[in-house]
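Working notes, structure below.
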Amino acid sequence: MSSPHTAAKLLIFTDLDGCLLNHHDYGFAPAAALLHQLERLHIPVIPNSSKTAAELHHLRKNLDNSHPFIIENGAAVFIPIGYFPEQPEGCDRIGDFWVKTFSLPRRHWLELLERSSFGTDKFQNFANATLADIVKLTDLTADAAARAAQRHYGEPLAWRGTDAERAQFIAELRQLGAKVMEGGRFIHVSGDCDKGKAMSWLAEQYQLTFQTPVMTIAAGDGQNDIAMLESADIAVLIPSPNHALPVLEKQRQVYTATRQGPTGWAESVSTILTNLNLQ
C-alpha cells in the first residue's frame with residue numbers, strides 16, 4: 001500500500017444504523033455537511049449494511065448517494081450500471097444494477113431453519129412474521145418494515161429462548177452449513193459471506209478501474225462489522241447505546257469516536273481526512 005499522502009483512491013465503507021444513521025430515528029443531519037464535502041472530493045461513501053436492497057434504494061435517495069452498496073451483511077454488492085466502464089466479472093444484471101452475490105438465496109436458509117431442532121417458539125424470523133410483527137421487532141414504520149422484509153439472501157430472526165439455547169441453536173445452524181452473525185437486534189442466517197469479503201471485492205473493482213492503489217476506511221459499531229473493520233486500512237468504531245464496541249485484533253489505524261451515531265461518524269471521518277491532508 002502506498003503512503004496515505006499519495007494519490008490512492010480513498011473509499012469509505014460504512015454501516016448505517018447507529019453509525020451514519022442515528023439509531024433511533026435514522027436521521028443523518030450531523031453528517032450531512034461532511035457527506036457533501038466527500039462528494040466534492042470524489043470520495044465514495046459506500047453503505048455496507050445488514051439492510052435489504054429495497055431499504056438501500058430508499059435510503060440512497062435520502063442520502064443523495066449514487067455509489068455502489070452492499071446488502072444483507074455482505075451477501076451481495078449492487079453497482080449502478082455504467083458506474084464502472086465495464087461490467088465486473090461474475091456479476092449479473094438485475095434491474096439497473098450489476099450484482100455480485102456471495103450467498104445462496106433466502107429460500108435455502110428458510111429450509112435450513114425448518115430443519116432446526118428448535119421450534120418457532122424460540123425465535124421469530126421475518127418470513128413467518130406479519131408486517132405488524134416486524135414493525136414491533138424493528139421499531140420501523142409500516143412502509144420501512146415492508147422494505148426490511150424484502151430479503152433475498154438471508155434471514156434475520158429475533159431470539160426468544162435462553163442464552164444457553166441461543167448458543168446451541170447457533171452451533172446447530174453452523175453445523176448445517178449456515179453462517180450466523182449476531183447484529184445489534186437480530187441473528188442473521190446466511191451463506192459464507194460477510195461485510196469484509198464484499199468490501200474487499202468491491203475495492204478491487206475500484207482498483208482495476210482507476211489503475212491506482214485504493215485506501216479503505218470502514219465505520220461500524222457491531223459484531224457483524226468486525227470482518228469489514230479488520231479488512232479495512234483504517235477502522236472507525238462508533239459507540240452504541242445498546243452494546244459494547246466490537247473487539248478488533250487490528251491495533252493500528254483504529255479510531256474510536258467519542259460520540260454516537262452520525263455525530264461520532266462525522267467527527268472521526270473528519271479527523272482522518274485532516275490526517276490525510278484532505279481537508
Name the pairs: first residue in segment 67-86 and within 16 Å of Phe210 (Cβ to Cβ), second residue among the β-branched types (Val, Ile, Thr) and not in a loop (DSSP other than H, G, I, E, B), Cβ to Cβ under 8 Å, at least 6 apart or on different chains?
His67/Val45; His67/Ile46; Pro68/Ile46; Pro68/Val77; Pro68/Ile79; Ile79/Val99; Phe84/Thr209; Pro85/Thr209
Out of the residues in segment 130-162 that are touching a helix residue (DSSP H, G or I) at 6+ places or on another chain (Cβ under 8 Å) and of a type in the set (Ser, Thr, Tyr), which is surrounded by the most Cβ atoms within 10 Å (Cβ to Cβ)?
Tyr153
Hey, Ile226 hits all of (1) closer than 16 Å to Ser49 by Cβ; (2) more than 12 Å from the chain's Cα centre (by Cα) but one; which does it fall short on?
(2)
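Against the condition at pLDDT 95 or above and surrounded by 19 or more Cβ atoms within 10 Å (Cβ to Cβ), how does Gly264 come out, does it pass? Show your work before the answer.
On the way: at pLDDT 95 or above: yes; surrounded by 19 or more Cβ atoms within 10 Å (Cβ to Cβ): yes.
It is true that Gly264 is at pLDDT 95 or above and surrounded by 19 or more Cβ atoms within 10 Å (Cβ to Cβ).
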Scanning segment 114-129 for residues that are buried (at least 20 other Cβ atoms within 10 Å of the Cβ) and assigned to a helix (DSSP H, G or I) gives Phe126
Would you check if there is a residue in segment 242-260 being touching a Gly at 6+ places or on another chain (Cβ under 9 Å), modelled with pLDDT under 95 and within 29 Å of His42 (Cβ to Cβ)?
no
Just one of Met181, Met199 is in the same structural domain as Ile43 (by TED's automatic domain parsing), out of contact with any Cys (no Cβ under 6 Å at 6 or more places or on another chain), under 26 Å from Val269 (Cβ atoms) and crowded, with 20+ Cβ neighbours inside 10 Å; which is it?
Met199
Whichever residue in segment 44-66 is touching a residue at least 60 places away in the same chain (Cβ under 8 Å) and among the β-branched types (Val, Ile, Thr) and, among such residues, is nearest to Asp143 (Cα to Cα)
Thr52
Going residue by residue through segment 78-91, is there one that turns out to be surrounded by fewer than 17 Cβ atoms within 10 Å (Cβ to Cβ) and in a strand (DSSP E or B)?
yes
The residue that is farthest from Gly74 (Cα to Cα), considering only those in segment 168-202 that are of a type in the set (Lys, Arg) and outside any helix (DSSP H, G or I), is Arg185
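The values are calculated or read from the model by the stated rules, or taken from the named source; none is laboratory data. Every value quoted in this text rests on a predicted model; they were computed, and no experiment measured them. Heads up, the Cβs are rebuilt from the backbone with ideal geometry, glycines too, and the neighbour counts pull from every protein chain shown.
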